[in-house]
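Asks: Take a look at the following structure, please.
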Amino acid sequence: MSDLPDTNVLEVDNLSVSYSTEGGELKALRDVSLDVPRGDIVGIVGESGCGKSTLISAIIGLLAPNARPASGAIRFRGEDLLGVNDDKMRALRGDEIAMVFQDPMTSLNPVLTIGRQMRDIQYRLPDSKAEKNARSIRMLQRVGIPDPESRLHDHPHQLSGGMKQRVAIAMALMMKPALLIADEPTTALDATLEVQIIHQLKRLQEDIGCSILFISHHLGVIAELCDRVAVMYAGEVVESGTVREIFHAPEHPYTRMLLACDPGAISERTRVLPIIRGFLPDLVDLPRGCVFRDRCDSAIEACSDKPPLQVRGADRLVACHRAGETP
Amino acid sequence: MLRFITRRGALSVLIVVLAVSLLFGMIHMLPGDPASVILGPRATPALRAELNERMGLDRPFIVQLGRFLGNVATGDLGEDPFSRRKVADIVLEQLPFTLTLVFAAIAGATLLGVPLGCYSAIRRGSWLDRLAALLSVAFIAVPSFVVALYALMFFSVQLRWFPAIGAGDSGDLADQARHLVLPAIALGLGWIGYIARLVRASMLEVLEENHVRTARAFGLPERVIIGRYALRIAILPTVTILGLGIGTMLSGALFAEIVFSRPGIGKLLYESVMTRNYPVVMGSVLVTTVFFVACTLASDIVNALLDPRLRESEGR
Ligand SMILES: Nc1ncnc2c1ncn2[C@@H]1O[C@H](COP(=O)(O)OP(=O)(O)O)[C@@H](O)[C@H]1O
Ligand SMILES: [Mg+2]
């Protein structure tokens, strides 16, 4: 893997995904572009419904059955995943690209033991059952689960939510993936647990050397964990750049509003989502021009035309006509 | 788990005792007195009184019931007044035939119904799914004695593929198996579709659950996801229904045994009702009840083995 030193593990290029719905074609993602550099942690923030889960489902090739074929490109280590067949995609999942999901209460199988589930995901290895168990135990230890050996015999309902999410992280990192995708992994947990798990995740990421695509609507978590961040709104990336830049000098009005609602301190978090006046636009019948115009305080006439993504600074992108004006 | 089994076991015993008492009461209230059935209409009052006393029929109901339950607990189901044989012996002689029939039907229906249900769930809307749906409804709607009659006429009388009557020579397993085929089909046919529908519905539900998405995200092969991760949950309602359904099957077995003139509890019950042989009626119904309750208990236990959450919630 050292043959490609400074490249991106994942490059999403002009990805568009629509769902067929009764009301018509719901354009959940439109021309989304995003890079995950090797060894970096990239955050995605945005309100519910802005297309975060659709984005990661597209990356791992598990879009809902009513999704239309995606357009654009999703390059994983240079290979376009939209072009590979099901078997190849399945071979990558769990091995090179791993997932941690939002709700630890329901994301593990309720009738199989932890040990069984951890062994099963090692099915590609030729190892014996004992060796697989040993690997599971080591992994559980690394995510900070006490007495990991007896946990193997437990069923998920015997563990607390925090423990379950640690198990999920252990499972995801066990095969040493190149990319870990975490879909709001700490949203269901309380704040102290969240901090612990975030720090653990960061340590493990450094040990294993993987990249992480981290989805959250909690800015504090993003600030704490990520190197870079992309802000999504209604199926588009409206601003992206390094966490420093975005948090210290947000340029898109939506980013500014998010930061105003949630100053981004991980300890004093607001449990509720950021509240911004107005509603998300109808993704079936999109308004013309800027998607954020209806909710924007600084909208001008030019906003009835769609703003292009402008390059601002080193590698910051902003989709706003007024980017660069002093607010 | 042990605790779960003991609790459910105790409950089952209670249910059997209640059911048996109820049955005993019902027979007690039937018009006509057993003594005149046994002795014939021309028996003298003195003879009748003597028999009543010998059988304890002159005692209060509650005493009779208590004595009956006590006897049952020791395995004594009374005596057949005609042949003077022990009812327990008569019933136990017939029981294996019925058990073989019912289990063959259940096993066949499960082996066909579960894969069919899984397939229908995975390939929802495919032509096989639609055909299965159509046939299921058709076969569920047809009573098993009708299936039995037609199977008999077509496969035995016309095609002569299978024997029509009896249970086969004792000791000749192949012959017994050949005799089992048609009655088992008659009994199990409707169940194939029923099980397939049940499995399909719960499979579709389970496949939507988050843990299935997790399994897919780990790249597990689809056959492992369906066969191990999803089926183990999707099968739970079917196991419960099967446990209860064996009861329905027993009444189906009654018809199958009569149509195919096959020995078994059903036929025994039919004959003893016709001859008003109350002790044997009582004994066969009792054994059937115990069997039915045992089946529901077994399905509860199987479910608890499959789903640790059930063990947990009741075992504490
Ligand atoms: N299977 C689907 N069919 C139709 N619409 C969907 C489907 N999945 C998601 N959507 C819609 O797509 C949009 C993006 O959803 P999602 O990706 O789940 O957002 P997020 O994860 O950011 O909350 C929402 O408007 C949602 O209602
Ligand atoms: Mg989501």
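Conditions tested, residue by residue: (1) assigned to a helix (DSSP H, G or I); (2) buried (at least 21 other Cβ atoms within 10 Å of the Cβ).
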| site | (1), (2) |
| --- | --- |
| B:227 | yes, no |
| B:230 | yes, yes |
| B:241 | yes, no |
| B:255 | yes, yes |
| B:262 | no, yes |
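Asks: Hey, another quick one. Mind listing just one residue for me: the one in region A:182-224 that is closer than 21 Å to residue A:145 by Cα and within 16 Å of ligand 1 (Cβ to nearest atom) and, of those, modelled with the highest pLDDT?
Replies: Within region A:182-224, the match that is modelled with the highest pLDDT is A:182.
Asks: So, one more: Restricting to region B:272-287, and then to whatever is more than 19 Å from the chain's Cα centre (by Cα) and open to solvent by 20 Å² or more (accessible area, probe 1.4 Å), can you tell me which residue is nearest to residue B:245 (Cα to Cα)?
Replies: Applying the filter and picking the extreme gives B:273.
Asks: If you go through region B:288-311 one residue at a time, do you hit one that is within 14 Å of chain A (Cβ to nearest Cβ), among the basic types (Lys, Arg), in a helix (DSSP H, G or I) and open to solvent by 10 Å² or more (accessible area, probe 1.4 Å)?
Replies: Yes, region B:288-311 has at least one match.
Asks: Could you list all residues from region A:126-164 that are within 13 Å of another protein chain (Cβ to nearest Cβ) and either basic (Lys, Arg) or open to solvent by 40 Å² or more (accessible area, probe 1.4 Å) (or both)?
Replies: A:153, A:157, A:158, A:164, listed by residue number.
Asks: Mind listing whichever residues of region A:39-75 are more than 16 Å from ligand 2 (Cβ to nearest atom) and touching a residue at least 40 places away in the same chain (Cβ under 8 Å)?
Replies: The answer is A:39, A:40, A:41, A:42, A:66, A:68, A:70, A:71, A:72, A:73, A:74, A:75.
Asks: Could you name every one of the helices (runs of 4 or more DSSP H) located completely within region B:32-80 that has at least 1 residues being modelled with pLDDT of 75 or more?
Replies: B:45-54, B:61-73
Asks: May I pose another question? Does residue B:200 satisfy being among the basic types (Lys, Arg) and in contact with a helix residue (DSSP H, G or I) (Cβ under 6 Å, 6 or more places away or on another chain)?
Replies: In short, yes.
Asks: Tally time: how many residues in region A:46-57 are assigned to a helix (DSSP H, G or I) and either surrounded by fewer than 16 Cβ atoms within 10 Å (Cβ to Cβ) or away from chain B (no Cβ under 14 Å) (or both)?
Replies: 2
Asks: For residue A:106, all conditions in the list (1) in a helix (DSSP H, G or I); (2) free of Cβ contacts under 8 Å to residues at least 40 places away in the same chain; (3) under 25 Å from residue A:139 (Cα atoms) hold save one; what is the number of the exception?
Replies: Answer for residue A:106: the failing condition is (1).
Asks: Which one is surrounded by the fewest Cβ atoms within 10 Å (Cβ to Cβ), of the residues in region A:58-93 that are facing chain B (nearest Cβ under 9 Å) and over 14 Å from residue A:212 (Cα atoms)?
Replies: Per the criteria, the residue is A:91.
Asks: Does residue A:30 satisfy being over 25 Å from residue A:69 (Cα atoms), touching a strand residue (DSSP E or B) at 6+ places or on another chain (Cβ under 8 Å) and surrounded by 18 or more Cβ atoms within 10 Å (Cβ to Cβ)?
Replies: no
Asks: Hey, another quick one. Check residue A:36 against each of (1) within 16 Å of ligand 2 (Cβ to nearest atom); (2) outside any loop (DSSP other than H, G, I, E, B); (3) of a type outside the set (Asp, Glu) and name the one condition it does not meet.
Replies: (1) is the only condition that residue A:36 fails.
Asks: Within the bounds of region A:111-123, is there any residue that is loosely packed, with under 15 Cβ neighbours inside 10 Å, more than 16 Å from ligand 1 (Cβ to nearest atom) and either small (Gly, Ala, Ser) or not in a helix (DSSP H, G or I) (or both)?
Replies: yes
Asks: Take residue B:200 and decide whether it is over 17 Å from the mean Cα position of the chain (by Cα) and surrounded by fewer than 22 Cβ atoms within 10 Å (Cβ to Cβ).
Replies: Taking the combined requirement at face value, the residue does not satisfy it.
Asks: Name the single residue, out of those in region A:184-224 being within 18 Å of residue A:39 (Cα to Cα) and not in a helix (DSSP H, G or I), that is most open to solvent (accessible area, probe 1.4 Å).
Replies: Per the criteria, the residue is A:209.
The values are calculated or read from the model by the stated rules, or taken from the named source; none is laboratory data. This is a predicted model, so every value here is computed, not measured. Here the Cβ is made from the backbone with ideal geometry for all residues, glycine too, and neighbour counts use every protein chain on show. Just so you know, the surface numbers come from the protein's heavy atoms only, side chains and all, with ligands and any DNA or RNA stripped out. Shrake-Rupley method; radii C 1.70, N 1.55, O 1.52, S 1.80 Å.
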